[in-house]
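Structure record follows, encoded as structure tokens.
The values are calculated or read from the model by the stated rules, or taken from the named source; none is laboratory data. Note that this is a predicted model, so its numbers are computed, not measured. Here the Cβ positions follow ideal geometry from the backbone for every residue, glycine too, while neighbour counts run over all protein chains shown. These accessible areas exclude ligands, DNA and RNA; they are computed on the full protein's heavy atoms, side chains included. Shrake-Rupley method; radii C 1.70, N 1.55, O 1.52, S 1.80 Å.
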Amino acid sequence: MQFIVEGYPAYAYTGGRAFDPALPAIVFIHGAAFDHSVWQWQSRYFAHHGFCVLAVDLPGHGRSPGAPRASIEDWSRWIAALIESAALEKPALVGHSMGSLIALQAALEHGTRISKLALVGTASPMPVGEAFLAAARADSPAALDMEAVWGHSRQSQLAQSAVPGTTLLGASRRLNGRSKPGALSAALEACNRYRVTKEALGALRVPTLVVAGKRDQMTSFKAGKAVASEIPGARFVALDAGHSMMSEAPHGLLAALKAFLTTELTDPR
């Protein structure tokens with residue numbers, strides 16, 4: 001369905017169920033040069049098990065028009081505006097990679113409006129290599145190749161897909177290739193510049209889950225564990241997967257999200 005956010009239409013996938021803001025809500029936020037479809041397994045499960053789900057297409061991605069935002073702070077304000085437009089009452093935010101930074105910043109700025117926070121494949125800071133940045137600025141196909149290869153563990157690159165005729169790497173590369181010109185560059189630049197202090201993380205009072213892949217080549221396992229250690233009461237889950245945990249370890253990630261999102265709220269202090 002569509003909402004009007006900051007003056008432009010914004011698309012969100014509801015998991016195959018009618019939108020009902022009276023239900024407990026979850027907003028899923030994708031990473032750089034992706035769209036709502038990366039959350040297909042997780043979003044459909046929650047939508048069919050008592051939750052109101054919005055898996056968004058960020059501006060300049062998927063079915064959402066408009067320009068990509070220049071900073072993580074700008075993206076987080078867009079998420080806050082989406083929550084207001086959809087009339088959601090204290091949704092949980094689930095973000096992957098760049099989406100995890102957007103979710104984190106939204107929780108830091110609007111903590112009283114967020115019920116829970118799940119950060120998947122996260123790091124703070126989240127540095128991006130100069131070769132990757134340069135290729136993205138030039139809209140070179142090499143940038144999409146880097147995104148696909150580094151975004152998956154080596155074991156998943158060799159494994160067959162459950163869908164005949166496709167591979168996880170190939171599907172990811174095609175999805176990245178559908179992104180609008182400049183979308184990947186803007187996202188990578190925003191990730192590279194974003195900084196959060198330890199003091200800010202230590203002051204976060206939103207119940208938080210951090211999920212890290214042991215084989216992650218984009219945001220290291222060690223970096224994800226460090227983020228969890230800085231947030232009071234944060235849960236930490238390790239998966240035997242690379243960066244693209246939604247597709248590489250769909251059952252493991254769903255189990256971690258179910259255990260976190262379906263439990264009663266607790267004070268992280």
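Cα convex hull, the chain: 112 Å³ per residue, rounded to a whole number.
Using a ≥ b ≥ c from the Cα gyration tensor of region 1-57 (square roots of the eigenvalues), is it rounded, prolate or oblate, where a/c under 1.5 gives rounded and otherwise the larger of a/b and b/c decides, a/b for prolate?
oblate
If you take every residue apart from Gln155 with its C-beta less than 15 Å away from the C-beta of Gln155, what net charge results, scoring Lys and Arg +1 and Asp and Glu -1? Here the count lands on 0.
Inverting the pair-averaged 1/r between distinct Cα atoms of region 70-118 gives 10.4 Å as its Kirkwood hydrodynamic radius.
Per residue, what volume in Å³ does the convex hull of the Cα atoms of region 107-218 enclose? Present the calculation step by step, with values, prior to reporting the outcome.
Details: hull volume 16.0 nm³, N = 112.
Looking at region 107-218, the number lands at 143 Å³ per residue.
Between Asp139 and Ala67, the distance separating the two model label sites (each 7 Å from Cα on the Cα→Cβ line) works out to 1.5 nm.
Helical runs assigned H by DSSP (4 residues or longer) give the chain a calculated mean residue ellipticity at 222 nm of -11500 deg cm²/dmol, each run adding -39500 (n - 2.57) before division by the residue total.
For region 159-246, the extents of the C-alpha atoms along the principal axes are 47, 31, 20 Å, listed from largest to smallest. Share of carbon and sulfur in the accessible area of region 51-153 stands at 56%, probe radius 1.4 Å. For Thr197, the accessible surface of its heavy atoms amounts to roughly 80 Å² (probe 1.4 Å, protein chains only, rounded to the nearest 10). Heavy-atom accessible surface of region 101-220, averaged per residue, reaches 46 Å², computed with a 1.4 Å probe.
Solvent exposure of region 1-93 amounts to 39 Å² per residue of accessible area, where only protein heavy atoms count and the probe is 1.4 Å. GNM remark for the chain: springs join alpha carbons under 10 Å apart, and the peak mean-square fluctuation among Arg69, Arg17, Arg205 falls on Arg17. Working from label points 7 Å from Cα in the Cα-to-Cβ sense, the Ser37 to Lys222 distance is 3.6 nm. Size estimate for region 1-109 follows the Kirkwood approach: the inverse of mean 1/r over distinct Cα pairs works out to 13.4 Å.
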